[in-house]
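A short write-up of the structure that comes next.
The values are calculated or read from the model by the stated rules, or taken from the named source; none is laboratory data. These figures come from a predicted structure and were not determined experimentally. Cβ placement follows ideal geometry from the backbone for every residue including glycine, while neighbour counts extend to all protein chains displayed. Areas reflect the complete protein model, heavy atoms only, side chains present, ligands, DNA and RNA absent. Shrake-Rupley method; radii C 1.70, N 1.55, O 1.52, S 1.80 Å.
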Amino acid sequence: MLGKTSFGAIASALIICLATVGVATGQKPPPPTPPSALAPVLAAPPTLGMQRGTTLELALTGSNLAGPTGFWAAFPSKSTIPTEDKNGQDNAKLKVRLEAPADAPIGAHVVRLTTTRGISNLRLFCIDDLPQVLENDKNRSWNDAMPTPVPSVVAGKADAEASDYFKISVQSGQRLSFDLLGRRLGSAIDAQLSIYSAKTKRELAHDNDSPGCQTDPRLTFTFKEAGDYLIEVKDVLNRGGADYGYRLRIGDFPLAVAPIPMAAKRGINVQVHFAGPNVEGVQPAVVSVPADPFADVVWVAPKGPSGLHGWPVALAVTDTEELLEQEPNNEPGKAQRLPVPGGVTGRFQQSDDTDCYLLSAKKGQKLSVEADTLELYSPTLVYIVLKNAKTGAEIAKTNPQSPPPADQRIEFTAADDGDYLVEVQHLNYLGGPSESYHLTVTPVTPTFEIALGIERFDVAPNSIVSIPLTVIRKGFAGPIDVSLQLLPSPQRSEVSGNLIGFTTIKPGQNSGVLVVSTQNAALGPNAAVVVARATIDGKTVTQRASVRAVVSAALGNLSFPPLDLNHRIAVGVKEMAPFSLAAKMSPPEATPGIATQVTLLVTRNEGFAEEIVFNAPGGLPPNVPAPKLANLAKDKNELKFSLDVNAKAPIGEYQLLFSAKAKSKDKEYSANALPLVLNVGNPFELKVEPAILSLKPGQKGKLKVTATRRGGYQGPIALEVRKLPAEVTASKGAIDKDKNSFELDVTATDKAAPGDKTGVDVNGTATALNNLQNGSPAFTVRIEKK
């Protein structure tokens with residue numbers, strides 16, 4: 001349940017309408033529609049998590065938290081928003097009662113809040129099997145160290161120029177792991193962790209930047225003597241504040257960095273072992289890899305002999321056959337054969353190890369050989385050499401100086417049919433229990449990628465939200481169908497929302513706009529993906545739009561966010577505004593140097609007559625200044641203004657995004673208009689008749705040139721025929737102001753040679769508009785025999 005409304009009811013009533021406006025090749029999409037300034041903003045939850053099988057009263061802080069309609073958690077849970085004590089009326093704080101079942105998956109999960117005014121930013125929230133204790137915030141010295149039970153997880157926060165101290169009691173010979181989660185949760189902290197004897201204050205262990213943990217520290221230590229010990233946590237640069245939260249896990253649990261294998265094929269069962277500095281005695285886990293085509297990863301928590309779980313590791317989900325490295329394979333004669341396409345998980349158990357693999361290729365086949373390590377949270381850096389398996393001649397090798405992922409990737413075209421040898425080494429010749437990699441071999445074929453500039457959107461009934469799309473084409477220039485697809489959540493097993501449309505990005509376009517609207521949708525949150533499909537070489541290629549860059553930014557520029565967040569977006573259904581907005585333009589296209597007139601039309605609900613404030617438009621062409629839009633007075637429904645499409649405006653197709661806000665009954669609302677297509681083009685197009693002009697030597701003919709005027713230009717158009725054959729000339733002329741056609745004389749001399757001359761055209765110049773030029777389609781001049 002989400003407060004008083006079930007998630008299933010929200011989903012069943014949500015209908016997504018899709019439309020699109022393409023953008024010409026080379027043009028950038030308009031900036032993403034930012035979340036409304038009224039949308040809730042969540043500060044980092046003070047605990048950053050909870051123990052599964054318990055109930056937590058979560059004290060959220062931030063801004064615009066009043067009027068909650070739902071709390072969304074990406075793990076099985078029950079959430080209620082109490083109404084007593086005016087809870088839900090304060091913009092700065094909100095209480096949510098959260099219940100996590102005993103079998104909730106351990107790990108970091110997304111939580112969000114929706115209100116009547118939109119959906120919040122994402123925050124990561126941990127589910128743990130360790131009992132949770134809160135830092136008392138008075139533990140700033142040795143003597144004030146906070147007594148801490150073992151096992152436990154401490155929810156703490158670093159302050160500037162201060163250390164946090166915790167005191168634990170242990171038995172002689174007791175082994176404990178300490179795993180601090182900070183940067184991995186999007187916190188700003190760059191933590192270091194130290195263990196001291198409480199008696200002597202001597203440092204016994206220290207860690208900073210544990211391999212594979214994105215600067216988070218963790219370590220395992222065996223205490224020789226029974227007694228009390230001190231744990232110190234601090235930021236390496238002595239920073240601190242509200243965004244410097246952390247969770248310190250303490251207990252006898254394994255510290256794994258990667259699963260073995262690191263990837264598994266979709267829809268199968270696989271036995272998973274673990275790589276890491278402390279995984280002795282950890283039994284393998286049997287994992288059912290989901291068949292869900294939208295699954296990116298399965299998080300697998302290693303369980304130690306004590307019964308406690310270590311923090312989960314990422315098992316990547318793929319669509320190809322996956323193998324495990326078979327030792328010995330450290331020389332070419334023992335190379336392991338790989339499927340194409342396919343993947344293999346390898347390990348460098350010893351330093352200076354070389355792993356050898358064979359792959360087969362056909363002459364002219366283009367293949368990619370790539371190692372994934374840091375992206376899968378392994379600390380390993382890989383160096384790859386490709387050789388001809390028969391001759392041993394080197395064909396290619398990776399360049400560690402290249403930016404990722406090129407630093408661990410080789411693309412090559414097979415010169416002959418046969419086998420090729422892949423040699424894989426650790427870049428720094430390291431080895432050990434944590435050093436693992438995932439190597440893939442895939443054919444390089446034409447494809448594409450889609451990216452979004454924001455990972456959350458707000459939309460209200462009878463309004464729209466525009467989702468700009470960026471297309472990265474990789475050898476494919478054809479059309480791409482794009483749609484929005486709702487996803488199940490832990491609160492509901494099925495999606496019953498209806499998709500009632502889709503959009504197509506036209507051939508050659510590098511961006512577009514997906515317009516989303518709702519009908520009869522209940523207020524609250526929804527999870528979704530943007531799915532793109534295209535037919536390439538007779539096969540359907542499906543890609544999901546990536547939001548990795550914006551998720552990384554939302555998590556404090558975390559280099560490698562959780563894999564399951566790379567393609568997920570959130571759509572919040574907010575309260576309907578008491579007005580709707582539309583835009584139109586006259587003339588319907590523009591040309592550089594001539595201003596165009598835009599009209600914003602407002603439809604008011606009955607009884608609403610308040611002033612409306614227009615926001616600055618988005619998506620304007622470069623060099624076109626943003627117009628200063630006046631407020632729309634009470635009871636007025638139309639605003640007209642001039643858009644300065646000046647001579648420096650680049651030719652292209654743009655989507656102008658208009659939005660407005662207004663207050664009604666002490667509440668502020670916002671609405672968006674459908675994107676207004678602005679085509680900035682040439683001031684005219686020319687057509688020449690006939691398509692083939694036939695002349696005999698010494699003869700004269702006529703060319704009729706007709707102009708279709710664009711963008712309001714009515715001035716003269718100077719005409720000149722270009723690329724004529726030898727001994728053929730043409731008169732010059734001009735289409736007069738406000739006229740649309742003119743005839744030119746074409747003359748062939750007696751020396752004109754018989755034959756066809758293709759590619760002839762007429763060039764036009766708008767002499768009253770910065771001498772803008774445009775040529776006609778090519779036509780043919782035919783010289784016949786006498």
By the scheme Lys and Arg +1, Asp and Glu -1, what is the net charge of all other residues having a beta-carbon under 14 Å from that of residue 479? +2
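Charges only on Cβ, +1 for Lys and Arg, -1 for Asp and Glu: so what's the dipole of region 83-165 about the Cα centre, in debye to the nearest 20?
440 debye
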List the lysines whose Cα lies under 21 Å from the Cα of residue 663, skipping any in the same chain that are fewer than 8 positions away. 574, 628, 634, 636
Which of the lysines could be linked to residue 362 by a straight reach, that is with a Cα gap under 23 Å, when you skip same-chain ones fewer than 8 residues away? 334, 387, 390, 397, 474, 539
Where the only charges are on Cβ atoms (+1 Lys, Arg; -1 Asp, Glu), what is the dipole of region 258-416 about its Cα centre, to the nearest 20 debye? 380 debye
Low-density loop positions, trypsin sites (Lys or Arg not before Pro), region 599-638 - DSSP coil, at most 15 other Cβ in 10 Å: 628, 634, 636
Would you work out which of 357, 770, 147 lies farthest towards the positive end of the dipole of the chain? Charges go on Cβ: Lys and Arg +1, Asp and Glu -1. 770
What are the ³J(HN,Hα) values, in whole Hz, obtained from phi via the Karplus relation 6.51 cos²θ - 1.76 cosθ + 1.60 with θ = phi - 60°, for each residue of region 89-96 in sequence order, with x given for Gly and Pro? 10, 9, 5, 9, 8, 7, 9, 10
Ordering of 675-683, 304-312 by packing [mean C-beta count within 10 Å, highest first]: 675-683, 304-312
Can you tell me which of 159-169, 320-330 comes out highest on packing, and rank the rest after it, using the mean Cβ neighbours within 10 Å? 159-169, 320-330
Given the -39500 (n - 2.57) contribution per DSSP H run of 4+ residues, what per-residue ellipticity at 222 nm results for the chain, rounded to the nearest 500 deg cm²/dmol? -500 deg cm²/dmol
Rounding to the nearest 20 debye, state how big the charge dipole of region 225-309 is about its Cα centre with +1 on each Lys and Arg Cβ and -1 on each Asp and Glu Cβ. 360 debye
Enumerate the calculated ³J(HN,Hα) couplings along region 431-447 in order (Karplus 6.51 cos²θ - 1.76 cosθ + 1.60, θ = phi - 60°), each rounded to whole Hz, writing x wherever the residue is Gly or Pro. x, x, x, 9, 8, 9, 8, 10, 9, 10, 10, 9, x, 8, 10, x, 7
Furthest towards positive pole of dipole, 250, 312, 278, structure part region 205-329, Cβ charges: 250
Packing rank of 66-73, 383-390, where each peptide gets the mean count of other beta carbons within 10 Å, highest leading: 66-73, 383-390
Going toward the positive end of the dipole of region 687-765, with +1 on Lys and Arg Cβ and -1 on Asp and Glu Cβ, which of 753, 721, 697 do you reach last? 721
What are the residues whose amide H is under 5 Å from the amide H of residue 252, where those residues sit 5 or more places off or on another chain and H is modelled from the backbone? 177
Probe of 1.4 angstrom, ligands and nucleic acids ignored: what's the accessible area per residue over the chain, in square angstrom? 43 Å²
Give the label of the value calculated from the structure for Kirkwood radius over Cα pairs in Å, choosing from (i) 30.7; (ii) 29.7; (iii) 27.9. (i)
